Structure formats: C-alpha cells, structure tokens
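What follows is a set of notes on a single structure, which appears directly below.
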Amino acid sequence: MTLESALAPANDDDVLVLPWWQNPRNIVTIVVTVALLAGMSGWLMGRTSSEQNVASSAVDVGFLHDMRVHHEQAVDMSRIYLERPDTSSGLRLVADSILFGQSIEIGLMIQLLRDMDAPTEGEVGQSMAWMGMAMADTEMPGMATVDQLEALAASSGDEANRLYIELMTAHHHGALEMTEQAVARAENPDVGAYAAAWNQSQTEEIAELQGLLPDPAD
C-alpha cells in the first residue's frame, strides 16, 4: 500500500464496517473491542426513536464534522504504522485498537449527523468555525503534516515506534481540546455524551502510548 492510498479519505459507504476478519489480529484486541461495541449497542438499542433527542446546533454539527476528519487521520496513521517492519508487538496492539475503535466511532458520528438531518461532511478543507477559530482542516490541533506521515511511512523498528507514539500522542492531545469544548457547549445530549467518552478514552490512550516509548538508551 502506498502513502497516497493509505491517506485516501473514507467514504460514507465503507466507514461503518472494517474488514477485520480478513486480517485477524491479537485476540485481546478483539475481546476489548467487542466489549466496547456491546456496551454501545446496548445503550443505543435501549432507547426508542421517540426518546431520541435530535436537537442540534452549529457546535454539535461542526464538532462531529471536524472530529470525523481528525479520526480519519488517526486511522490512516495507524494503518501506516501497522505496515512498518520490526515494530513493537505491544504498540501494534494499541494501534490496532485505535484503528478499529476510531473507525467505529466515525460510523457513530455519521449516524448522529443523519439523525440531526445534517450533512455528514463539512465544507471541504475548512474546520473549527464552531470553536470561533476557523482554519484549514490540516491545521486542526494535533493533525500530523504530510511530511510527518511520510517520515512514518519510511521508518521501521524503534524509529517507527517512536514516531507513531509522538504523532499519535500529539494527535490525541489535539482531540482533547475539541472534546472539552463539545462537552461544555453541545446542545445534543448524545454529542455531549460521546465527546465525554472520547475525551476519557483518548486521555487513557495517551498514558498507554507514553508507557510504550522506546528507551533512548537502548
């Protein structure tokens, strides 16, 4: 897979299902992910359509548009890393979890936007207007540059491990800025609840990633 194909944007028809069964990974990742999905599914199925609050605001819609783009880069970054040779098995497990989990979350964002009768994608190339700081989507907090992604794609072994951890940690820190604003300002209760959950999960992943940094003395 080339860098260009790895960075190709997902479309709405294929983001809801990741063909993980064609490339089975560590059983622990599957168990953890299934448990997460079971919890989400149970919560969603427990609500009838009459109970769903589809109220929304520019904050709700803008946050989901931007977080979808942000998640798509995390998925791309994880795919690139997982193709690198001689990398850490423990870090590959984390990357697998991020790739699969954030792919599922992209699907949830798309469904939330549909429930609000909002477009599933924002204006191409634009972001952060909902936070009062409009900018290009490539300049969103935590987004890796093309040069950084190319460096990751050209790396291997400990260098790949280090680059992935550094880039994904910065990426997650950027997402925390967005989720904190969404928690404080979202009008749709589902958007606020998911933003809070993503804030917590990415905070935990930052700590996990930092614990796997290669020792520079090695």
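Net length available on complete extension from E159 to A184 is 5.2 nm, with 0.36 nm assigned per residue and the Cα-Cα distance removed. As a proxy for reagent exposure, ranking E72, E83, E123 by other Cβ atoms within 10 Å from fewest up yields E123, E83, E72.
With neighbour counts taken as other beta-carbon atoms within 10 Å, the residues L64, L213 rank, fewest first, as L213, L64. The rule of thumb for compact globular proteins, 2.2 N^0.38 Å, goes into the C-alpha radius of gyration of segment 119-209 1.23 times. Distance between the modelled labels on S57 and L212, one decimal in nanometres: 3.7 nm (7 Å Cα→Cβ projection). The residues T169, T179, when put in order of fewest to most other Cβ atoms within 10 Å, stand as T169, T179.
A short reminder: the numbers here are calculations on the coordinates, not readings from a lab. As the structure is a computational prediction, the values presented were derived from the model and not from experiment. Neighbour counts are summed over all protein chains in view; Cβ atoms, including those assigned to glycine, are modelled from backbone coordinates with ideal geometry.
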